[in-house]
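So the structure is just underneath, and the comments pick up after that.
Every number here is computed from the coordinates shown, using simple stated rules; none is lab data. Remember, predicted model here, so these are calculated numbers, not experimental data. Ideal geometry is used to build each Cβ from the backbone, glycine not excepted, and the neighbour counts take in all protein chains shown.
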Amino acid sequence: MIDLKGRTAIVFGVANKRSIAWAIAQKLNEAGVRLLITYQNERLKLEAEDMIKELAGAEAYQCDVSNDAEIDTLFTRLKEKHGKLDILVHSIGFAPPDALKNPFLDTSREDFRIAHDISVYSLIALSRAAAPLMTDGGSIITLTYYGSTKVVPNYNVMGVAKAALEATVRYLAADLGPKKIRVNAISAGPIKTLAARAIGGLGLMLKSHEERSPLQRNVQQAEVGGTALFLASDLASGITGEVTYVDCGYNIMGF
């Protein structure tokens, strides 16, 4: 059992109880972490506050990661209330529907910008804001997918964004290493989340993973949550700048 009592974590991307971020939040909570959960806007506030009732001592804060002023306000409040931060989970990815529905060749300049701003730049902005609060070092964790390295039908601009995200992990790890802050990514296999449903052919993707992965099944949210807990703990103190696959081994197979 990993014990992280006395540590504070902020989790971005808890959309609902089927989201990967929710599974990570649960695992961290079970380990004794003080949890701070964010929601994007006022419309999602009630749902977020309802969910955190199941997480002992958790708090909910509003933050639209595309708004630098909201990021600054959030971390100022966190510093005033908690003083320090130990763990940041970035489980955020978005691309406009047309960029996922249409051929990649037809990706508009604006859709490309939005996908990279929300899915990639947000990690930079949040890491920059969090670093001064990680006075005893810390762990920053983001979520990626196999479509960053291989062409996955209908994943389109999100594959390019995830490739950029993985490169961002490496550069942030180099910048933040001297501060004893580790930055890592988890590449999870496909899971039936609200975000995944935006990708056409999800059913075929799940079937393919189940048939071809060495474990002959799909990964579960809780397994991704467990990996995040490990990366957040001192057991992973020598790991930074890495992409850890949690996909039942699918990524190792040729065909």
What is the range 1-79 by shape, rounded, prolate or oblate, if you read a ≥ b ≥ c off the alpha carbon gyration tensor as root eigenvalues and call it rounded for a/c under 1.5, prolate for a/b larger than b/c, and oblate otherwise? oblate
Quick one: which of K17/K53; K17/K101; K5/K53; K17/K180 span more than 23 angstrom between C-alpha atoms? K17/K101; K17/K180
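Please list 66-75, 242-251 highest first by mean number of surrounding beta-carbon atoms within 10 Å per residue.
Numbers: 66-75: 15.8, 242-251: 18.9.
Answer by packing, highest mean first, reads 242-251, 66-75.
Roughly how large, in nm² to one decimal, is the mean projection of the convex hull of the alpha-carbon atoms in the range 115-212?
6.8 nm²
Per residue, how big is the convex hull of the range 191-255 when only Cα atoms are used? Give it in Å³.
On the way: hull volume 7.4 nm³, N = 65.
For the range 191-255, the hull spanned by Cα atoms encloses 114 Å³ per residue.
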May I ask you to list, by number, the DSSP H helices of the chain whose Cα span along the axis is at least 18 Å and whose average Kyte-Doolittle hydropathy reaches -1.0 or more? 68-82, 157-176
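Using a Förster distance of 45 angstrom, determine the FRET efficiency expected from the C-beta separation of T76 and F255, and round it to 0.05. Could the numbers behind the result be given before it?
Values: r = 51 Å, r/R0 = 1.14.
Computed FRET efficiency for T76 and F255 comes out at 0.30.
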May I ask for the Kirkwood hydrodynamic radius of the chain, worked out over all distinct Cα pairs and given in angstroms to one decimal? 18.4 Å
PRE zone check, label point 7 Å out along Cα-to-Cβ of S237, amide N under 14 Å, scope the range 125-142, hits 136-139
Give, as a single signed number, the net charge of other residues whose beta carbon lies under 13 Å from the beta carbon of G32, with Lys and Arg counted +1 and Asp and Glu -1. +1
Specify whether the C-alpha gyration tensor of the range 39-133 places it in the rounded, prolate or oblate class, a ≥ b ≥ c being the square roots of the eigenvalues: rounded for a/c under 1.5, otherwise prolate if a/b is larger than b/c and oblate if not. prolate
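Quick one: if the Förster radius is 25 Å, what FRET efficiency do Y171 and S66 give, using the C-beta to C-beta distance and rounding to 0.05?
Values: r = 21 Å, r/R0 = 0.83.
Once rounded, the FRET efficiency stands at 0.75.
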Which whole-angstrom value gives the distance between the alpha carbon centres of the range 1-41 and the range 115-173? 18 Å
Taking 0.36 nm per residue of sequence separation and subtracting the Cα-Cα distance, how much length would be gained by fully extending the chain between R212 and A56, in nm to one decimal? 52.3 nm
